[in-house]
There are 2 protein chains.
Amino acid sequence: MNWPDYLQQHQPAFIAQLTALLRIPSVSADPALRPEVWRCARWLAQRLTDAGLEAVSVDPAGDFPMLYGEWLHAAGAPTILIYGHFDVQPPGEAQLWRHPPFEPWIEQGRLYGRGASDDKGNLLAPVLAIEAMLRTLGRLPVNVKVLLEGQEEILSPDLPAFIHRHQARLACDLAVSADGWQWSETEADLRTGLRGLCALEVTVTGPRQELHAGSHGGAVANPIQALATLIAGLHDAEGRVRVPGFYRDVRPLTAAERAALRAIPFSAADYLARTGAPALVGEAGFSALERIGARPTLEVNGITGGYRGPGVMTIIPAHASAKITCRLVPDQQPDAIAQAVADALRQRAPAGVRVTVTVLPNAARPYRMALDHPGNVAAARVLRRLYGREPYYTKSGGSIAILALLEQTLGVATVIFGFGLPDENFHAPNEFFRLAQFARAQLAWGQLLEELAVNAR
Amino acid sequence: MNWPDYLQQHQPAFIAQLTALLRIPSVSADPALRPEVWRCARWLAQRLTDAGLEAVSVDPAGDFPMLYGEWLHAAGAPTILIYGHFDVQPPGEAQLWRHPPFEPWIEQGRLYGRGASDDKGNLLAPVLAIEAMLRTLGRLPVNVKVLLEGQEEILSPDLPAFIHRHQARLACDLAVSADGWQWSETEADLRTGLRGLCALEVTVTGPRQELHAGSHGGAVANPIQALATLIAGLHDAEGRVRVPGFYRDVRPLTAAERAALRAIPFSAADYLARTGAPALVGEAGFSALERIGARPTLEVNGITGGYRGPGVMTIIPAHASAKITCRLVPDQQPDAIAQAVADALRQRAPAGVRVTVTVLPNAARPYRMALDHPGNVAAARVLRRLYGREPYYTKSGGSIAILALLEQTLGVATVIFGFGLPDENFHAPNEFFRLAQFARAQLAWGQLLEELAVNAR
């Protein structure tokens, strides 16, 4: 039996295994679910071992598990570091899910559940391709190191120290990330850039405790209103971020970069139908794809303050707070931007309240990779074969902390080689992964390892 | 035994009874606690009967109970309608309470628990005074009708219809409200005005569901940011409400009214120390007491949107919403003001979001009462005797829906005769009632009934 046949025969078993993996609520953002992140790592360690990987170990990185496995018997061939993450986003508003987020279900060829496409389905694909090759051929065409982390969704606070500490073990010629996306079911793409990220929390404090809004309204500042004023002041009327220095280190888009992004088909009507957003809105002077992929943004991800129960409670709250993240592009530095936003918020504190800003440890540097890097050339060849056409060369608005880290620490580039599609609700309710993409991803990984045997560096 | 001695002897029993009353979580704003509001009414019905009141009944007003009792054997004497409310505010943030809000506790002569001062302690006082008089004298100096409601904290949506329906039964010469306050332990005051109120909820909707802030940030409007912009736009830089028509019907303060308010001692330092607010803030051109008592305000009482859990979740939320109440002064109309605010919010909807505004049923008209009304003259005489000095004549920032209602429907004025003090955390965590004020209130009510026998109309 050849390895593609092995994959085809085992799809029912693989789908059952992915379903089992999705049942583990490995939410990295929630301290109460930390044991589940570890349970997930142990489940995957067993799966890596079953696939034929060696030296499988679960090691701590901060409070989180890091999973490693290797197969290093392809003497003379390149060494490829395969990356993925088994932690998932919090499920968010439970009532928006059609079924509970950690009780996976299948509908019309789609497997639903938190983490289905981001990243559990995607990270399983290379493991299954490796198993297929080892079971049918007894060997892999390249040396492989698999590194799966459990803190990607909180921007990998402990990853820098871990990678620094394990430099020798992780040494490789090229990294390939199983966390990534394709353009559609019929169009492939290769991401040549990802945005970075920084995160802050701002709290506005007024009176010592909630006050009766009748007895005190008119005498003291309202922390919600003060926070709203601060947030409203973070953008100008043209959608630009109103923070001194925010755009200072942004490398301007070249004419060629803008042309490449213009070459990508983008239908505003389709986009709005898919997201349900009433209109495209953003920074003046840039297209939507430029604004998503190549311009920095500042978003308020959550806000809370005062009474949120049923009916009316006429209070002036004691405090209100908001969570803010910025997406960054080369050459913005996460620390510097977080500090600039924090400074602006502190300096603009309205009268009658105290403003506290905490820069959160979640951060990622923006990443870019040459379009014609040998790794991209190999990946493009596989995608051309599987999709029957040239991939687009895109820039992603998302962030994967490890990309810039591997470049800095190990001196290697990372090919983005994931098979999620943009409508699959990652970071949203009813996340799913197309089972057809799951199977295609396994095939693609096998072919990529073959390609990289001759073309990785 | 005379009736004041009866009161003194029974204080331990009365404190135990108030404690039992505070154990009932009669939160009118929470539909899940509706049965507790009814249980509270039945508890009080028994207490009224025990006190010697007659024709005690619990009747529905909408989904809420209304409690009535009477003693009408003082032929030729005036008839006094005594008002109070046995529903309480929601407890708010549980972790801010030193003990659970419905497990009352005593510390340094203060009885703590939700509703202690607003209004369970205050409403019990006249009932106990009536009991003392009936047990010792066998009669009351006036005819008394007691009306206690269970929906004051949600602004009495069903009270207008109830009072209209029971006009004949409620007919009286004067109303006295056991919901009210004094200035301090050593200074009394008589309120000559209360603000009205209207309430709204605004919801801003963007995409159909939460979106990944990396993959979409830059392309669509963020509902939290749109809501913040709307809220920030509701006040100008001088603290005035920026809604067309908001101030149109405000009767300007006369020079005499401003002088009366100026005569009240107000220490900004004490106020700030008591509330913990960093500074006095509000509408330009008015003193703090004017802004609280005699100027309308708009407050955001609660806001919510996006991710509020631990850590970071990089989403663009699908929606965000805020609860808003306005306090109103003569001659603002609650409906008209709510509509004006709703219109302003809808007209200012930022691009890329939908704005929905709901005017809530909670409303109260502003109220004022002549300083030299015979009821106030009688009350002032009692307060002068108990406090050894002239009361202040103040305007309250709070709202009690029944005041304007009784004036409109029964044609009677209402004396505000409560004994809570401004630091007792009503509508806030760790609400309490001073046991000394509780005893003083009982004495005051007995004396007031005696005064009103000769001077109520």
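The values are calculated or read from the model by the stated rules, or taken from the named source; none is laboratory data. Bear in mind the structure is a predicted one, so any value in this text is a computation, not a measurement. So basically every Cβ, Gly included, is an ideal-geometry build from the backbone, and we count neighbours across all protein chains shown. These area figures cover heavy atoms from the full protein model, side chains too; ligands, DNA and RNA do not enter into them. Shrake-Rupley method; radii C 1.70, N 1.55, O 1.52, S 1.80 Å.
Worth a mention:
- Of the residues B:Pro252, B:Trp43, B:Gly411, the one whose Cα sits farthest toward the positive end of the charge dipole of chain B, with +1 on the Cβ of Lys and Arg and -1 on the Cβ of Asp and Glu, is B:Pro252.
- Label sites at A:His73 and B:Ala436, each approximated as a point 7 angstrom past Cα along Cα to Cβ, lie 8.8 nm apart.
- Legend: residues A:Val454, A:Val127, sorted from most to least accessible area (1.4 Å probe; ligands, DNA and RNA excluded), read A:Val454, A:Val127.
- Chain B - share of DSSP beta bridges that are antiparallel (%, nearest 5): 70 percent
- Partner chain coverage, peptide B:279-285 - average Cβ within 10 angstrom: 5
- Each Lys and Arg adds +1 at its Cβ and each Asp and Glu adds -1 at its Cβ; summed about the Cα centre, the range A:47-123 shows a dipole of about 260 debye.
- Cα shape, the range B:369-450, gyration tensor, a/c 1.5 rule: oblate
- Cut-off 18 Å (backbone N to label point 7 Å along Cα→Cβ of A:Gln108), residues of the range A:426-451: A:426, A:429-438
- The calculated FRET efficiency for B:Asn2 paired with B:Glu185, based on their beta-carbon distance and R0 = 30 Å, is about 0.75.
- When the alpha carbon gyration tensor of the protein assembly as shown is reduced to an equivalent ellipsoid, the three semi-axes, largest first, read 67, 28, 22 Å.
- The range B:161-175 versus the range B:364-407: alpha-carbon centroid distance in Å: 20 Å
- Estimated distance in nm for a label pair at A:Ala168 and B:Ala168, the labels positioned 7 Å out from Cα along Cα-to-Cβ: 10.0 nm
- Simple point charges give the picture: +1 on the Cβ of Lys and Arg, -1 on the Cβ of Asp and Glu, and for the range B:329-457 a dipole about the Cα centre of about 140 debye.
- Total formal charge among the other residues, if their Cβ is under 11 angstrom from that of A:Asp331, Lys/Arg +1 and Asp/Glu -1: +3
- Spin-label pair B:Arg139/B:Arg381, simplified geometry with 7 Å Cα→Cβ offset, distance in nm: 1.9 nm
- Placing +1 on the Cβ of every Lys and Arg and -1 on the Cβ of every Asp and Glu, with nothing else charged, gives chain B a dipole about its Cα centre of roughly 480 debye.
- Peptide B:291-299 - average C-beta neighbours from other chains (10 Å radius): 5
- Loop-located trypsin sites (Lys or Arg not before Pro) across the range A:29-130 with a Cβ neighbour count of 12 or fewer within 10 Å are A:Arg98, with loop assigned by DSSP.
- Take the Cβ atoms of B:Ala259 and A:Ala268, set R0 to 60 Å, and the FRET efficiency comes out at 0.45.
- Exposure rank, largest accessible area first [B:Asp173, A:Asp118; 1.4 Å]: B:Asp173, A:Asp118
- Two-site FRET efficiency, B:Thr49 against A:Arg208, from Cβ-Cβ distance with R₀ of 41 Å, rounded to 0.05: 0.45
- Ordered from largest to smallest accessible area (heavy atoms of protein chains, 1.4 Å probe), the residues A:Asp87, B:Asp335 come out as B:Asp335, A:Asp87.
- Normalised contact order of the range A:1-70, rounded percent, pairs of Cα under 8 Å and 6 or more residues apart: 20 percent
- Under 12 Å, Cβ to Cβ, from B:Arg274 - net charge with Lys/Arg +1 and Asp/Glu -1: -2
- Take every Cα pair under 8 Å whose residues are at least 6 apart in sequence, average their separation, divide by the length of the range B:227-330, and the relative contact order is 28 percent.
- Under 11 Å, Cβ to Cβ, from A:Asp423 - net charge with Lys/Arg +1 and Asp/Glu -1: -1
- Look at the alpha carbon pairs under 8 Å that are at least 6 residues apart: their mean separation over the length of chain A gives a relative contact order of 26 percent.
- Distance from the C-alpha centroid of the range A:413-457 to that of the range B:35-76: 71 Å, rounded to the whole angstrom.
- Rounded if a/c under 1.5, otherwise prolate or oblate - chain B, Cα gyration tensor axes: prolate
- Scaling against 2.2 N^0.38 Å puts the C-alpha radius of gyration of the range A:274-323 at 1.75.
- Average other protein chain Cβ within 10 Å of Cβ, residues A:394-400: 3
- Rounded if a/c under 1.5, otherwise prolate or oblate - the range B:58-123, Cα gyration tensor axes: oblate
- Helix-only CD estimate at 222 nm, as mean residue ellipticity for chain A, using -39500 (n - 2.57) per DSSP H run (n ≥ 4): -10000 deg cm²/dmol
- Since only A:Pro223, A:Gly305, A:Gly62 are under comparison, the one whose Cα sits farthest along the positive direction of the charge dipole of chain A, derived from C-beta charges on Lys, Arg, Asp and Glu, is A:Pro223.
- Under 28 Å, Cα to Cα: Lys pairs in the protein assembly as shown, sequence gap 8 or more or different chains: 11
- Furthest towards positive pole of dipole, B:Ala171, B:Leu128, B:Phe86, structure part the range B:28-174, Cβ charges: B:Leu128
- Distance between the C-alpha centres of the range A:239-308 and the range A:1-26: 37 Å, rounded to the whole angstrom.
- A/B buried area, accessible surface, summed, 1.4 Å probe, Å²: 7400 Å²
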